[in-house]
Amino acid sequence: LFFRTRAAIRHTHFLLAIATAAIPVLMHLRMPDIIIVPCFAVIIVLAADLARTGKDGWLSGRICVWLGEISYAVYMTHYIVITVILWGAWQAMPQAEFLKILPLLAAASIAATIVISAFLYHGLEKPARRWITRILAP
């Protein structure tokens with residue numbers, strides 16, 4: 001009720017950008033989770049406020065909606081993909097070379113995670129959901 005009846009937060013887009021950028025910075029600085037986790041709560045509240053006021057703009061765009069749809073598959077696969085790519089590269093090359101291409105490896109990990117997650121969502125999750133719905137529907 002509080003979130004539905006209160007006035008809109010001012011400068012929401014700016015605050016959302018700050019909270020989003022703060023997470024990797026805080027992680028890089030090795031801050032404790034007790035400081036990092038509230039940033040996610042701030043992001044959720046700000047995004048909800050944008051949606052409530054109809055000013056969510058790009059957040060309701062096709063790409064963001066699609067990323068939201070595949071987000072569970074991303075959650076389930078990202079660690080495995082990152083581990084395989086980084087560990088494989090670490091084993092295959094000298095440390096100096098590994099460190100030189102680390103940003104490229106990070107980008108490859110993100111791209112591979114999205115591709116694999118999209119495949120799992122469209123090829124497994126959606127068909128399984130339809131199948132379960134058919135079985136459980138009266």
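The values are calculated or read from the model by the stated rules, or taken from the named source; none is laboratory data. Keep in mind that what you see is a predicted model, and the values were worked out from it rather than measured. As a convention, Cβ positions derive from the backbone with ideal geometry for all residues, glycine included, and neighbour counts pool all protein chains shown. Note: areas computed on protein heavy atoms with side chains; ligands, DNA, RNA excluded. Shrake-Rupley method; radii C 1.70, N 1.55, O 1.52, S 1.80 Å.
In the range 90-119, the residues that are at negative phi reach residues that are open to solvent by 100 Å² or more (accessible area, probe 1.4 Å) and assigned to a helix (DSSP H, G or I) with C-beta atoms within less than 7 angstrom, at least six apart or across chains, in these pairs: Phe98/Trp90.
One residue stands out in the range 14-56 among those that are touching a residue at least 40 places away in the same chain (Cβ under 8 Å) and not charged (D, E, K, R): the one that is surrounded by the fewest Cβ atoms within 10 Å (Cβ to Cβ), namely Thr53.
Could you pull out the residue among Val74, Val65 that is open to solvent by less than 60 Å² (accessible area, probe 1.4 Å) and either closer than 24 Å to Tyr121 by Cβ or not polar (S, T, N, Q) (or both)? It would help to see each step written out before you state the result.
Details: Val65 fails: open to solvent by less than 60 Å² (accessible area, probe 1.4 Å).
Answer to the check: Val74.
Scanning the range 91-113 for residues that are open to solvent by 60 Å² or more (accessible area, probe 1.4 Å) and either polar (S, T, N, Q) or in contact with a Leu (Cβ under 9 Å, 6 or more places away or on another chain) (or both) returns Gln91, Gln95, Leu102.
Give, as residue ranges, the helices (runs of 4 or more DSSP H) completely inside the range 40-135 that count at least 2 residues that are at pLDDT 95 or above and touching a helix residue (DSSP H, G or I) at 6+ places or on another chain (Cβ under 6 Å). Can you show your working first?
Values: elements: 62-69, 71-92, 95-100, 102-120.
Per the criteria, 71-92, 102-120.
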